[in-house]
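**Student:** Encoded as structure tokens, here's the structure I'll be asking about.
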Amino acid sequence: MSYFLHLYIIIIIYILLSLGLNLLIGYTGLVSLCHAAFFGLGAYTSTLLMMKVGLPFIVALPSCILITALFSLLLSLPSIKLRGDFFVLTTFAFQIIFYDIIYNWSSLTGGSIGIMGIPRPSFWGMEIIKIHHYVLLATVFCLIAIAL
């Protein structure tokens, strides 16, 4: 049963990713190849804010959204005038640069191994431990994203 719940959580994460990609490609027609870089930037930012800075999940989550949005703005300012293949190549270059930084900065990101011991999210002292709680959390975030 936990396998199917885990699979459900992964599906919810991909739904969230596809919602963001639909905004970019579906409504603007701009093909971006750095969507995974922004996903990874948000994930690494929230994890590092919780582990290195000691912020609780409820503070790290909006912080990582803000930081990812700022990086997106920094990338979009020079590339907004580009169209077609040049825009795609710019976003692809950002994806490759981000991947190389994450993969090679082992002291911060763990390199190819990744970060071990990521703290569990907690809300007002309640730590999310069981997979059923993760299912609920993922579903709530997905419904909020769909509503927005």
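**Student:** Which residue is farthest from ILE118 (Cα to Cα), if the candidates are limited to the stretch 1-31 and must be touching a residue at least 12 places away in the same chain (Cβ under 8 Å) and over 15 Å from the mean Cα position of the chain (by Cα)? First the steps, then the outcome.
**Tutor:** Quick first cut of the stretch 1-31, residues touching a residue at least 12 places away in the same chain (Cβ under 8 Å) only: 2, 5-6, 8-9, 12-13, 15-17, 19-21, 30-31.
This time we only want the ones that are over 15 Å from the mean Cα position of the chain (by Cα), so: 2, 5-6, 8, 30-31.
Numbers: SER2: 20, LEU5: 20, HIS6: 17, TYR8: 21, LEU30: 34, VAL31: 33 Å.
Result: LEU30.
**Student:** Can I ask one more? Considering only residues that are loosely packed, with under 11 Cβ neighbours inside 10 Å, within 17 Å of SER46 (Cβ to Cβ) and without any contact (Cβ under 8 Å) to a residue 24 or more places away in the chain, which ones fall in the stretch 96-148?
**Tutor:** MET116, ILE144 - these are the residues of the stretch 96-148 that are loosely packed, with under 11 Cβ neighbours inside 10 Å, within 17 Å of SER46 (Cβ to Cβ) and without any contact (Cβ under 8 Å) to a residue 24 or more places away in the chain.
**Student:** Right, here's the next one. Out of everything in the stretch 1-60 that is in contact with a strand residue (DSSP E or B) (Cβ under 9 Å, 6 or more places away or on another chain) and in a helix (DSSP H, G or I), what residue ends up being most open to solvent (accessible area, probe 1.4 Å)? Even if it seems obvious, please write down each step before you answer.
**Tutor:** Going residue by residue through the stretch 1-60, those that are in contact with a strand residue (DSSP E or B) (Cβ under 9 Å, 6 or more places away or on another chain) are 56-58.
If we keep only those that are in a helix (DSSP H, G or I) as well, we get 57-58.
Details: PHE57: 28, ILE58: 72 Å².
Going through the qualifying residues, I end up with ILE58.
**Student:** Further question on the same structure: If a residue has to be surrounded by 14 or more Cβ atoms within 10 Å (Cβ to Cβ) and not in a helix (DSSP H, G or I) to count, how many in the stretch 76-91 make the cut?
**Tutor:** Counting residues in the stretch 76-91 that are surrounded by 14 or more Cβ atoms within 10 Å (Cβ to Cβ) and not in a helix (DSSP H, G or I) gives 1.
**Student:** Let me ask you something else. Within the stretch 115-148, count every residue that is modelled with pLDDT of 85 or more and either charged (D, E, K, R) or on the phi > 0 side of the Ramachandran plot (or both).
**Tutor:** 3
**Student:** Right, here's the next one. What number of residues within the stretch 101-125 satisfy the criterion of being in contact with a helix residue (DSSP H, G or I) (Cβ under 9 Å, 6 or more places away or on another chain), in a helix (DSSP H, G or I) and of a type in the set (S, T, N, Q)?
**Tutor:** Looking only at that region, the number is 1.
The values are calculated or read from the model by the stated rules, or taken from the named source; none is laboratory data. No experiment lies behind these values; they were computed from the predicted model shown. Positions of Cβ are generated from backbone atoms using ideal geometry, with glycine treated the same way; all protein chains shown enter the neighbour counts. Accessible surface areas use protein heavy atoms only, side chains included; no ligands, DNA or RNA. Shrake-Rupley method; radii C 1.70, N 1.55, O 1.52, S 1.80 Å.
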